[in-house]
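Engineer: Supplied in structure tokens, the structure appears directly below.
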Amino acid sequence: MAAAAALEPWRVAAPRKRRSAAARRPRRREAEAAREAEPEADSGAVLRRLQAAEEELRISDFWNSALETIIQCLTKQLGQPKAPVGTLSEALGNLHLTSPAELDAAPDPSLGEALAQGAAHIKCVCYGVGNFASCTTARTQLAFLLLFLERCQIPRSHCWVYDPLFSQLEIAILHSLGVTVLSENEEGKRSVHGQPTVFYMLHCGTALYNNLLWSNWSADALSKMVIIGNSFKGLEERLLMRILQKNYPYIAKVLEGLEERPLPQTPQYVDTFNDTSVHWFPAQKLGQLSRDMWTFREEPEYQGCEDLEIIRRKAADP
């Protein structure tokens with residue numbers, strides 16, 4: 001964290017040439033700096049605000065619709081005919097994912113045990129949630145993550161969180177919530193290591209997604225991933241293909257091998273979950289891609305890439 005403190009804040013993608021795209025992706029950090037005047041409080045006050053954000057989300061139409069979208073994608077993911085035994089198909093197969101209406105109804109006492117048993121195999125990684133102690137948008141995004149873990153019965157101990165902007169207070173609060181705060185800036189370069197993993201990374205820099213794909217550049221690894229984050233289709237619309245292929249080649253190469261479902265848009269959360277989609281990678285689609293595509297494994301460097309949008313890891317002293 002000391003290395004991260006010397007670096008500049010996260011930045012999201014600059015508004016693109018198309019007006020509609022720019023409206024979907026405001027500069028989050030700059031916009032929040034202008035809107036937010038809420039000082040960082042003590043841990044008790046932050047936890048109360050976080051709980052209030054969870055309750056507000058829980059009763060909103062957006063939460064029910066968004067959860068249903070995620071559940072549908074996870075269900076399709078687990079139903080893949082070619083999914084390897086013992087991975088995502090097995091882990092999510094025991095989840096009995098239900099609709100929000102069913103979850104809000106009188107629960108079956110045995111349901112929680114069955115969900116917990118299946119979800120024990122699922123990992124979750126959250127990048128770039130921001131300063132939730134002082135920012136309403138970041139706090140709502142964190143509240144969404146905690147509700148998602150709760151509803152899908154994914155243990156909080158199976159969730160890793162990182163943002164180089166986290167304060168020591170926020171790190172302490174996250175530890176108290178039971179999630180694991182990563183101590184090093186991975187730049188998104190985390191392998192699923194054969195485990196079904198949900199990556200929750202809203203409004204992150206494009207390079208972070210590109211790095212994540214590079215770290216899992218095989219049909220087997222990608223088929224175990226679900227990414228909740230910036231719309232890949234939106235990136236394709238906003239960037240020239242030659243720019244996408246040059247600067248973010250792994251995103252460009254995988255576009256034909258993914259399925260994407262956008263989260264619903266509501267005025268209440270228009271700045272919080274805009275341009276956000278659920279992405280998953282069907283094994284059948286990945287199997288139809290060119291074999292030569294998988295031989296390209298060069299680590300991204302982004303030399304000469306303008307507006308990189310992420311904080312780089314500080315080089316170690318010689």
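The values are calculated or read from the model by the stated rules, or taken from the named source; none is laboratory data. As the structure is a prediction and not an experimental result, all values here were calculated from the model. Cβ: placed from backbone, ideal geometry, glycine included. Neighbour counts: every protein chain shown.
Engineer: Can you tell me how many residues within the stretch 70-98 are of a type in the set (Ser, Thr, Tyr) and either more than 16 Å from Met225 (Cα to Cα) or modelled with pLDDT of 95 or more (or both)?
Structural biologist: So the first thing to find is which residues in the stretch 70-98 are of a type in the set (Ser, Thr, Tyr), and the list is 75, 87, 89, 98.
Still in the list and also either more than 16 Å from Met225 (Cα to Cα) or modelled with pLDDT of 95 or more (or both): 98.
So the answer is 1.
Engineer: Collect the residues in the stretch 294-315 that are surrounded by 13 or more Cβ atoms within 10 Å (Cβ to Cβ), touching a helix residue (DSSP H, G or I) at 6+ places or on another chain (Cβ under 8 Å) and not aromatic (Phe, Trp, Tyr), keeping them in residue-number order.
Structural biologist: Step one: list which residues in the stretch 294-315 are surrounded by 13 or more Cβ atoms within 10 Å (Cβ to Cβ), which gives 294, 300, 302, 305, 308-314.
With touching a helix residue (DSSP H, G or I) at 6+ places or on another chain (Cβ under 8 Å) added as a condition, the list becomes 294, 300, 302, 305, 308-311, 313-314.
Once the filter is applied, which keeps residues that are surrounded by 13 or more Cβ atoms within 10 Å (Cβ to Cβ), touching a helix residue (DSSP H, G or I) at 6+ places or on another chain (Cβ under 8 Å) and not aromatic (Phe, Trp, Tyr), the stretch 294-315 yields Pro300, Cys305, Leu308, Glu309, Ile310, Ile311, Arg313, Lys314.
Engineer: Continuing with this model, one more query. From the list Gly188, Gly229, Gly257, Gly287, exactly one residue is touching a helix residue (DSSP H, G or I) at 6+ places or on another chain (Cβ under 7 Å) and closer than 19 Å to Ala66 by Cα. Which is it?
Structural biologist: Values: Gly188 fails: closer than 19 Å to Ala66 by Cα; Gly257 fails: closer than 19 Å to Ala66 by Cα; Gly287 fails: closer than 19 Å to Ala66 by Cα.
The unique qualifying residue is Gly229.
Engineer: For the subset of the stretch 219-260 comprising residues that are surrounded by fewer than 20 Cβ atoms within 10 Å (Cβ to Cβ) and part of a strand (DSSP E or B), which member is nearest to the chain's Cα centre (by Cα)?
Structural biologist: Looking at residues that are surrounded by fewer than 20 Cβ atoms within 10 Å (Cβ to Cβ) and part of a strand (DSSP E or B), I get Glu260.
Engineer: If a residue has to be crowded, with 18+ Cβ neighbours inside 10 Å and either of a type in the set (A, V, I, L, M, F, W, C) or in a loop (DSSP other than H, G, I, E, B) (or both) to count, how many in the stretch 284-293 make the cut?
Structural biologist: Applying the first criterion (crowded, with 18+ Cβ neighbours inside 10 Å) to the stretch 284-293 yields 285-286.
In the following step, the residues that additionally are either of a type in the set (A, V, I, L, M, F, W, C) or in a loop (DSSP other than H, G, I, E, B) (or both) were identified as 286.
So the answer is 1.
Engineer: Continuing with the same structure: Name the one entry in Phe273, Phe281 that is touching a Gly at 6+ places or on another chain (Cβ under 7 Å), crowded, with 21+ Cβ neighbours inside 10 Å and either at pLDDT 90 or above or of a type in the set (Phe, Trp, Tyr) (or both). It would help to see each step written out before you state the result.
Structural biologist: Values: Phe273 fails: touching a Gly at 6+ places or on another chain (Cβ under 7 Å).
Within the list Phe273, Phe281, the selection yields Phe281.
Engineer: Right, next: Among Ser223, Ser215, which is at pLDDT 90 or above and over 28 Å from Pro164 (Cβ atoms)?
Structural biologist: Details: Ser215 fails: over 28 Å from Pro164 (Cβ atoms).
It is Ser223.
Engineer: Further, regarding this structure: Just wondering, is there one or more residues in the stretch 149-160 that are under 25 Å from Glu301 (Cβ atoms), of a type in the set (Lys, Arg) and within 17 Å of the chain's Cα centre (by Cα)?
Structural biologist: no
Engineer: Hey, does the stretch 173-192 have a residue that's in contact (Cβ under 8 Å) with a residue 12 or more places away in the chain and farther than 27 Å from Phe132 by Cα? Reasoning before the result, please.
Structural biologist: Applying the first criterion (in contact (Cβ under 8 Å) with a residue 12 or more places away in the chain) to the stretch 173-192 yields 173-174, 176-192.
Next cut, farther than 27 Å from Phe132 by Cα only: none.
Within the stretch 173-192 (the criterion being in contact (Cβ under 8 Å) with a residue 12 or more places away in the chain and farther than 27 Å from Phe132 by Cα), the answer is no, since none of the residues qualifies.
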